Amino acid sequence: MDKNHLIGIVLIMGILIGFSYINRPSAEELARQQRYRDSIVQVEKDRIAQELLKKAEDSISKANLDTLLVSEIENDSIKNLQLSNLYGDFASSGKGEAKEIVIENNKLKVVLNSKGAQISSVQIKGYKTYSGDSLQIVKQDSGNEMNLDFYNGNRAISTKDLFFEAQLNSLDNKSVVFKAKAGDDKWLEYSYSLTDDSYLLDFTISFHNLEGVIKQNLSYLDFSWNQNLPILERGNDWEIQNSGLYYKYLGDDVESKVVTDEVSENLNSSTKWIAYKGQYFSSVIISKTAFPNATITAKKTKLNRNLLYMTSKIAVPNNFETDSMTFYFGPNKYHELSEIAIASNNGNSDNEKLELDKLVPLGWGIFGWVNRWLIIPLFNFLESIISNYGLIILIMTVIIKMLVLPMVYKSYQSSAKMRALKPMVEEINQKYPKQEDAMKKQQAVMDLYKRAGANPMGGCLPLLLQMPIWYALFRFFPASIELRQQSFLWASDLSSYDSILDLPFSIPWYGDHISLFTLLMAVCIFLSTKINSGQMDTGQQMPGMKLMFYIMPVMMLLWFNNYSSGLSYYYFLSNVITIIQTVIIRKYFVDEKALLEKMKAKADKNAKAPKKSGFMARLEEAQRRQLEQMKKNQKRK
């Protein structure tokens, strides 16, 4: 390169440098260009933010936009790794969208959620709550839960966290199958199925090729069934008294737990079914074989219009075989429950072993027998021909009073004998006024009764024979769902109290209202006691007996104010009929003067030729020994 070329290059470079220096942008121009570039970036960010806001339906604050922008560009492999760490082979079921699937028949509407494949709500058709709403025995979003716990490797998996694929039977909308996949040919399956005209929901848990997926070192898996028992009736205190946990051991009787505050029970033997019983509606889980063991709990709660929170942790054999169960969601109706038959896994019906009808508390022993073999058949017969339940109770009362009329007549006749002998008893009392002659006086009175053919217990025995019917009806009316929301006269619901006046305050042991049927019942009990009080007075009665008869109406008034108005109505009618029977018997069937003459003649005859019965002989011997013992005690003093 020669000298001229070198000078030319230097001049050109100098010119370019000088031109660049002269034409460089000013500080204002540089700031303007930066603002332009920033505005382009901000516009792009705003566009992305708007898309995210639209996806989130305007529920996400702008403060979270930067986080969302970052999460939007996260690598999918990181998410999959997190799911794999949490759910192992069930990682694909760890994400998804919760969907609701509805299956129903003419009696039940069941809403199921694909997250957890669990029951979300159950509506019992044809019934309403006391406030007129549709009756949901399982309410949506109220803390209900179904869950199966197991291990995949060292990971604890809960099915309530998994998203199941749902396949609804579109032909009848009565069955659905849920699958939580652990691979192409491996899945956990829940299936639900309803049949027509039934309150039963069949439920099965199936394991498909999961032998190497679910850990096998445990003999049992834990299946949890937790449910809030909703408030469905008026009078929550009465409703909670008639609610509780019921269960039946395989081959044994039905047992129950009344919830005072919180109860828990370990069912260590094979259990056929577990029931969350409400006053008139129950949820029951029934095994088609038997649950090996279970733990059940219940505690009171009035949060979110719920009465009780009940839980069951049930052992499910970890043998990868299908486990079949059946839910009953329905009314506590005796004939409905008594007819339920569940086919076991071997195909045999075990209806005789279920005893679900014992969810209706009809009383134990003879009281339950009276209800099952007399009261319920009579009630069902009248119900088939009469639609008004107030009239049904009236006719039932008349029929029952006619059935016990012979015993009532016998009782009245015995009481009339005791009244007729009262003057003669008073003579004996005057003959032996001293305290030390008490035994002689008692012997003389018993001798008089024996000779006259009177039995001081004769009036009590017929009353005792009527007790099973009285107590059976005491259990029958509050337990009868047939009376629920049935109105009569001023009572809007014969299964609940009939308030004619709501008080602005609550009276202890009485309540915050006045029930008219209970008031009428107490008045009739007082009048009946007043009419019959003379029959019980022989001059030998304990002073407190009369007082007890008059206290009884007050006690009944306090006790029955919150009870079923149908029960108070029955006792009111029963006492009215008793008063009428007493007046008629006294006026037309028992002549006390003639009866007294007859007994005097019999007493005189027996006095001449006394004849002692074995019982009277033993009684007199006992009295003689007691008298001798008293004399010995007096000598010692």
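Points worth noting:
- Selection count, the range 381-436, where residues are outside any helix (DSSP H, G or I) and modelled with pLDDT of 85 or more: 3
- Matching option when the condition is surrounded by fewer than 21 Cβ atoms within 10 Å (Cβ to Cβ) and at pLDDT 90 or above, among Ser269, Ser219, Ser193: Ser193
- If the condition is being free of Cβ contacts under 8 Å to residues at least 24 places away in the same chain and assigned to a loop (DSSP other than H, G, I, E, B), then the range 186-216 contributes only Gly212.
- The set of residues in the range 507-530 being under 25 Å from Ser487 (Cα atoms) and without any contact (Cβ under 8 Å) to a residue 24 or more places away in the chain consists of Asp512 alone.
- Residue within the range 348-366 that is open to solvent by 70 Å² or more (accessible area, probe 1.4 Å), among the charged types (D, E, K, R) and modelled with pLDDT under 75 present: yes
- Residues (assigned to a strand (DSSP E or B), of a type in the set (Phe, Trp, Tyr) and modelled with pLDDT under 90) located in the range 118-169: Phe150, Tyr151
- Considering (1) touching a Ser or Thr at 6+ places or on another chain (Cβ under 6 Å); (2) open to solvent by 60 Å² or more (accessible area, probe 1.4 Å), the lone condition that Ile274 does not fulfil carries the number (2).
- Exclusive hit being farther than 25 Å from Tyr199 by Cβ and open to solvent by 40 Å² or more (accessible area, probe 1.4 Å), set Glu145, Glu165: Glu165
- Restricting Lys288, Lys299 to those that are in contact with an Asp or Glu (Cβ under 8 Å, 6 or more places away or on another chain), of a type outside the set (Ser, Thr, Tyr) and part of a strand (DSSP E or B) reduces the list to Lys299.
- Residue count for the range 251-292, restricted to those that are touching a Phe, Trp or Tyr at 6+ places or on another chain (Cβ under 9 Å), aliphatic (A, V, I, L, M) and more than 14 Å from Ile314 (Cα to Cα): 1
- Any hit, the range 481-497, residues being in contact with a strand residue (DSSP E or B) (Cβ under 8 Å, 6 or more places away or on another chain), farther than 30 Å from Gln413 by Cα and of a type in the set (Asp, Glu): no
Listed here are the residues, each with its yes/no results for (1) in contact (Cβ under 8 Å) with a residue 60 or more places away in the chain; (2) farther than 23 Å from Ile103 by Cα; (3) touching a Ser or Thr at 6+ places or on another chain (Cβ under 7 Å); (4) surrounded by fewer than 16 Cβ atoms within 10 Å (Cβ to Cβ).
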residue: Lys125; (1), (2), (3), (4): no, no, no, yes
residue: Asp133; (1), (2), (3), (4): no, no, no, yes
residue: Asp141; (1), (2), (3), (4): no, no, no, yes
residue: Asp149; (1), (2), (3), (4): yes, yes, yes, no
residue: Ala156; (1), (2), (3), (4): no, yes, no, yes
residue: Val177; (1), (2), (3), (4): no, no, yes, no
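- Tyr571 vs. criteria in a helix (DSSP H, G or I), open to solvent by 20 Å² or more (accessible area, probe 1.4 Å) and modelled with pLDDT under 80: no
- Qualifying position, being aliphatic (A, V, I, L, M), surrounded by 15 or more Cβ atoms within 10 Å (Cβ to Cβ) and either at negative phi or within 35 Å of the chain's Cα centre (by Cα) (or both), among Ile386, Ile399, Ile392: Ile392
- Of residues in the range 489-516 being polar (S, T, N, Q) and outside any loop (DSSP other than H, G, I, E, B), the one farthest from Leu557 (Cα to Cα): Ser506
- Residues satisfying the stated conditions in the range 245-266, i.e. closer than 23 Å to Ser496 by Cβ and at pLDDT 90 or above: Tyr246
The values are calculated or read from the model by the stated rules, or taken from the named source; none is laboratory data. All figures in this text were calculated on a predicted structure; none of them were measured in a lab. Cβ atoms come from the backbone with ideal geometry, glycine included; neighbour counts cover every protein chain shown. Accessible surface areas use protein heavy atoms only, side chains included; no ligands, DNA or RNA. Shrake-Rupley method; radii C 1.70, N 1.55, O 1.52, S 1.80 Å.
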